[in-house]
Amino acid sequence: QVQLVESGGGLVQAGGSLRLSCGASTKIDLYAVAWFRQAPGKERDFVAAIHWSSPTTHYADSVKGRFTISRDDAKNTVYLQMDSLKPEDTAVYYCTAKIWASLAALSNGGGDYWGQGTQVTVSS
């Protein structure tokens with residue numbers, strides 16, 4: 001079992017930045033990790049993912065060029081740096097992980113483990 005805990009959410013003005021963290025209860029160097037988000041009344045959507053064995057990343061078109069996913073396996077943590085935030089980025093953000101997963105598989109349905117989510121609110 002892998003427990004994931006997100007943190008770093010909050011209220012920010014449009015154009016501002018936030019950095020989300022996803023901390024794991026165990027070593028995650030063999031896990032691909034992704035961020036998803038869910039706005040009120042909408043489905044949970046893929047945001048960004050990072051591979052387990054390489055620095056390869058994948059982003060949704062809506063965040064490409066504004067968000068950056070990274071990982072620090074020594075700290076069992078994955079980050080999501082969010083810049084140039086827009087009101088439409090408002091959502092609960094979740095991290096998810098799956099061992100040995102491809103980014104394609106992870107981005108399509110998420111992983112085997114999910115965190116509880118952290119709220120991000122962007123005011124206009």
Q.
Quick check on my filter: what residues within segment 70-111 are of a type in the set (Gly, Ala, Ser) and open to solvent by 40 Å² or more (accessible area, probe 1.4 Å)?
A. SER70, ALA74, SER84, SER102, ALA104, ALA105, GLY109
Q | Count - residues of segment 1-55 that are open to solvent by less than 30 Å² (accessible area, probe 1.4 Å) and of a type in the set (Asp, Glu) | A | 1
(Q) Suppose we keep only residues that are part of a strand (DSSP E or B) and among the aliphatic types (A, V, I, L, M) within segment 30-56. Which one would you say is farthest from the chain's Cα centre (by Cα)? (A) ALA32
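The values are calculated or read from the model by the stated rules, or taken from the named source; none is laboratory data. Because the structure is predicted, anything quoted here is derived from the model rather than measured. Accessible surface areas use protein heavy atoms only, side chains included; no ligands, DNA or RNA. Shrake-Rupley method; radii C 1.70, N 1.55, O 1.52, S 1.80 Å.
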